[in-house]
Amino acid sequence: MPSTTDFKRGYKIEIDNTPFEIVEFQHVKPGKGGAFVRTKLRNMLTGKVVDNTFRSGEKVDKPDVETRDMQFLYREADGYVFMDMTTYEQLTVTQDQAGDMGGYLKDGMEIKVVLYRQLPITLDLPTSVELTVSETDPGAKGDTVSNVTKPATMETGLVVNVPLFINEGDTIKVDTRSGDYLSRV
């Protein structure tokens, strides 16, 4: 059973049958009294961040969290269908579980799906994806002021602000953490 001495960023623990991921932690040793560990924890089911304090050396539970390599197959009305790369089982991730990450999913894309007690809770996307621009306004000639952007709709329906020189049909690289344009491919 892990204890507070094992804490590090990204470490997963379970409190009251809820999985949490450690966002920040700080070991504090006051001059009087026992040492303790101050943490910020992200609820893996809701995404909410909470503060919690543990006594130094306190035992914590490890959640039944598993990450599987899966391939995105297609969109459904209620979510996204994935196929496990080893067992070929299909799994549906709801739009609530995927959140904003659904806009980065292309057919055939291989990603990691995080499961808690065999149920999907979130997606682990790569830091950037390549998407094709399906609709955008043409850049007006002479608009050369730096850092001027325009909205562009990607093949997945995601809207990204791109520089004026990007046209329909161009493939661009998009940061999945912030949704920002990175470069033209």
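Brief remarks on what is shown
- Flag if residue 87 is open to solvent by less than 60 Å² (accessible area, probe 1.4 Å) and over 16 Å from the mean Cα position of the chain (by Cα): no
- Residues in the stretch 90-119 that are among the hydroxyl-bearing types (Ser, Thr, Tyr) and surrounded by 15 or more Cβ atoms within 10 Å (Cβ to Cβ): 104, 116.
The values are calculated or read from the model by the stated rules, or taken from the named source; none is laboratory data. Quick caveat, the model's predicted, so the values are computed rather than measured. Glycine also receives a Cβ, built like all others from the backbone with ideal geometry; neighbour counts cover every protein chain displayed. These accessible areas exclude ligands, DNA and RNA; they are computed on the full protein's heavy atoms, side chains included. Shrake-Rupley method; radii C 1.70, N 1.55, O 1.52, S 1.80 Å.
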